[in-house]
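*Asks:* This is the structure, below, for whatever I ask next.
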Amino acid sequence: MDIRICIDVNDMERAVAFYTEGLGLRCGRRFQGGFVELLGAGSPIDLLLQTEGSNPVAGSTATRSFQRHWTPVHLDFVVDDIDAAVARLLQHGAVLEQPVTDRVWGRIAGLADPFGHGIDLLQFTGRGYDEIPTDQEQLPA
């Protein structure tokens, strides 16, 4: 099964610059109606041009907001140099919400993109997530 990641934005050119210049993704296809495909991640990312205050689905009482918002889904981007990536994203309008922090598996930083979506940057070191014991490793044999 394939997965495509869709991100609503209200300024397409700013979004393209943020994700290409800030994270090193590249533009794929540009579709009519404000839809740009980004390539270079594990799954394609589709930027969807939407209007502030519009409804996400017909009949919904919810409205789109491009201020910082919380959703239980966020994107993690694995980078080689987290300090350089944070600096680039800040230049393109990101907000640093969690400074770079060291963990047993590497380093993490939490940001919001210019459209209010939460993103994390991860830089793996050593064995990455394999440095974290799993439940199986803690169970008796």
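*Asks:* Would you confirm, using the coordinates I've provided, whether S65 is under 22 Å from V16 (Cβ atoms), touching a strand residue (DSSP E or B) at 6+ places or on another chain (Cβ under 8 Å), of a type in the set (G, A, S) and outside any strand (DSSP E or B)? If you could, list the steps in order and put the result at the bottom.
*Replies:* Working: under 22 Å from V16 (Cβ atoms): yes; touching a strand residue (DSSP E or B) at 6+ places or on another chain (Cβ under 8 Å): no; of a type in the set (G, A, S): yes; outside any strand (DSSP E or B): yes.
Considered against the rule, which asks whether it is under 22 Å from V16 (Cβ atoms), touching a strand residue (DSSP E or B) at 6+ places or on another chain (Cβ under 8 Å), of a type in the set (G, A, S) and outside any strand (DSSP E or B), S65 comes out as no.
*Asks:* Considering only region 101-115, state which residues are in contact with a strand residue (DSSP E or B) (Cβ under 9 Å, 6 or more places away or on another chain) and assigned to a loop (DSSP other than H, G, I, E, B).
*Replies:* Scanning region 101-115 gives W105, D113, P114, F115.
*Asks:* Moving on. Specify which of the listed residues (A84, A41) is touching a residue at least 24 places away in the same chain (Cβ under 8 Å) and out of contact with any helix residue (DSSP H, G or I) (no Cβ under 7 Å at 6 or more places or on another chain). It would help to see each step written out before you state the result.
*Replies:* Values: A84 fails: touching a residue at least 24 places away in the same chain (Cβ under 8 Å).
Only one candidate passes the filter, namely A41.
*Asks:* Please verify whether region 50-60 includes one or more residues that are surrounded by fewer than 16 Cβ atoms within 10 Å (Cβ to Cβ), over 17 Å from D8 (Cβ atoms), touching a residue at least 12 places away in the same chain (Cβ under 8 Å) and under 20 Å from the mean Cα position of the chain (by Cα). Outline the logic, then answer.
*Replies:* Filtering region 50-60 down to residues surrounded by fewer than 16 Cβ atoms within 10 Å (Cβ to Cβ) leaves 51-60.
In the following step, the residues that additionally are over 17 Å from D8 (Cβ atoms) were identified as 59.
Applying the additional criterion that residues be touching a residue at least 12 places away in the same chain (Cβ under 8 Å) yields none.
Within region 50-60, none of the residues are surrounded by fewer than 16 Cβ atoms within 10 Å (Cβ to Cβ), over 17 Å from D8 (Cβ atoms), touching a residue at least 12 places away in the same chain (Cβ under 8 Å) and under 20 Å from the mean Cα position of the chain (by Cα).
*Asks:* Now for a different question. Quick test for you: out of G93, G28, G34, pick the one residue that is under 18 Å from I7 (Cβ atoms), at pLDDT 95 or above and not assigned by TED's automatic domain parsing to the domain that holds P133.
*Replies:* On the way: G93 fails: not assigned by TED's automatic domain parsing to the domain that holds P133; G34 fails: at pLDDT 95 or above.
Within the list G93, G28, G34, the selection yields G28.
*Asks:* Return the residues of region 96-141 that are modelled with pLDDT of 95 or more and among the charged types (D, E, K, R); say none if nothing qualifies.
*Replies:* Within region 96-141, E97, D102, R103, R107, D113, D120 meet the criteria.
The values are calculated or read from the model by the stated rules, or taken from the named source; none is laboratory data. Just so it is clear, the structure is predicted and the values come from calculations on it, not from any experiment. FYI the Cβ positions are ideal-geometry reconstructions off the backbone, even for glycines, and counts take in every protein chain you see.
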